[in-house]
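Novice: Structure in C-alpha cells, see below.
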Amino acid sequence: MINKMITDTINEIQKHGDFKADIALVLGSGLGNFVESLSQTSRLSFSDIPGFPVSTVEGHSGQLVHGFLGDVPVLVNSGRVHFYEGYTLEQVVYPIQILQALGAKTIILTNAAGSIRKDYTPGDLMLITRFLNLTGHSVYSHQPEPEQVFDPHILEIVQQIANKKDIPLKLGSYAGLNGPSYETPAEIRFLRLKKADAVGMSTVHEAMAAFQAGIQVLGISCLTNYAAGILDQPLNHAEVMETGQRVREDFAKLLTALVQSLSR
C-alpha cells in the first residue's frame, strides 16, 4: 500500500514530465556521466522533490532523470544518499520506493568500491553476486536477511553481454559498511577472511529494500581503488572520481546492452 508521503512525492514528480519506466538505475560516485547516453531527457533535482533526500557527496549530481536508451524508457537516480550523511535507513531506501511507485520492475544499482583483491584492479567492473551487510542496520529488522537477492538468470544475462561485448567483468561479493572514513588495513584483513572481494558504503540497503518489494535487482561495482592496506599509499576520493571517468565507456556499453536485453 502506497502511503501519503509517497503519493505526494509522485504527484510532484509527474508535474514535471512523464517520469515512468520499467527499468531504473542508481548511479554511484563518478558514474553520473552515464546520463549523457540518454536521449529526450527530463531532469529534476532531488532538492525539488518533496521528501526526497539530497546527496551531499562529490560525484553525485542529485537528479532524477527520465530518458531513453534507444527506444527504451529508463529512470535514473544520478546519485544517492548514505548513512554517513546523517540520513536514516528509511531515508536511504526512500528513493527505491519512489522508483517502484514510478513503475520500476527492475533496478540496476551501481557504486564505486574499493578492491580487496590484488587481482581485481582499479578500473575493473565487478558484478555483485552477494552482499555482506556490516552496517548494523537492516530493512529486515525483525527477520533474517535473505541469503541471495539476485536472480541467477539476470546474473547470467549480464555475463553473456559482457562476453559478447568484450567487456572485462569480474564477479564478487560486496561488503557494505557505514563510512564515512575509509576502512583500516585491519578491517580489510577481516573482510578478506569473510571472503569479501570489494568494499563500499552504499547499495546493500537499496538492494534489500528492492528485493523485499518484489523488484528484480542487480548490483555492479566500479572498482575505483584498492582498499586500505593493499598498497602503501593513502586513499582519496579524487582517485574514485578519476577512475569512474576512465571506465565510463565500458560502463555505458554494458548498461546500455543490459537495458536493451531486459526490455525484450
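This table checks each residue for (1) surrounded by fewer than 16 Cβ atoms within 10 Å (Cβ to Cβ); (2) among the acidic types (D, E); (3) on the phi > 0 side of the Ramachandran plot; (4) not in a loop (DSSP other than H, G, I, E, B).
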| site | (1), (2), (3), (4) |
| --- | --- |
| L25 | no, no, no, yes |
| L44 | no, no, no, yes |
| S47 | yes, no, no, yes |
| S55 | no, no, no, no |
| V81 | no, no, no, no |
| E90 | yes, yes, no, yes |
| V93 | no, no, no, yes |
| Q100 | no, no, no, yes |
| P122 | no, no, no, no |
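Novice: Picking from L127, L132, which residue would you name as being assigned to a strand (DSSP E or B), touching a helix residue (DSSP H, G or I) at 6+ places or on another chain (Cβ under 7 Å) and either loosely packed, with under 14 Cβ neighbours inside 10 Å or in contact (Cβ under 8 Å) with a residue 12 or more places away in the chain (or both)? Write out each step before concluding.
Specialist: Numbers: L132 fails: touching a helix residue (DSSP H, G or I) at 6+ places or on another chain (Cβ under 7 Å).
Exactly one of L127, L132 is assigned to a strand (DSSP E or B), touching a helix residue (DSSP H, G or I) at 6+ places or on another chain (Cβ under 7 Å) and either loosely packed, with under 14 Cβ neighbours inside 10 Å or in contact (Cβ under 8 Å) with a residue 12 or more places away in the chain (or both), namely L127.
Novice: Separate question: May I ask you to list pairs of residues, at least six apart or on different chains, whose Cβ atoms are under 8 Å apart, with the first in the range 143-154 being touching a residue at least 40 places away in the same chain (Cβ under 8 Å) and farther than 17 Å from G172 by Cα and the second being of a type in the set (G, A, S) and surrounded by 12 or more Cβ atoms within 10 Å (Cβ to Cβ)?
Specialist: E145/S138
Novice: Looking only at the range 163-197, filter to residues that are assigned to a helix (DSSP H, G or I) and in contact with a strand residue (DSSP E or B) (Cβ under 7 Å, 6 or more places away or on another chain); which one of those is modelled with the highest pLDDT? I'd like the intermediate steps shown before the answer.
Specialist: To start, the set of residues in the range 163-197 that are assigned to a helix (DSSP H, G or I) comprises 163-164, 185-193.
Narrowing the set further to residues that are in contact with a strand residue (DSSP E or B) (Cβ under 7 Å, 6 or more places away or on another chain) leaves 185, 188, 191.
Working: P185: 90, I188: 93, L191: 96.
Once the filter is applied, the top-ranked residue is L191.
Novice: For the range 218-250, what are the residues that are crowded, with 23+ Cβ neighbours inside 10 Å and at pLDDT 90 or above?
Specialist: Residues satisfying the conditions are L218, G219, I220, S221, C222, L223.
Novice: Next question, about the same structure. Spot the failing condition for D8; the list is (1) over 27 Å from G200 (Cα atoms); (2) surrounded by 15 or more Cβ atoms within 10 Å (Cβ to Cβ); (3) in contact with a Pro (Cβ under 7 Å, 6 or more places away or on another chain), and only one is missed.
Specialist: (2)
The values are calculated or read from the model by the stated rules, or taken from the named source; none is laboratory data. Keep in mind that this is a model prediction, so the values were computed, not measured. Positions of Cβ are backbone-derived with ideal geometry, glycine not excepted, and every protein chain shown enters the neighbour counts.
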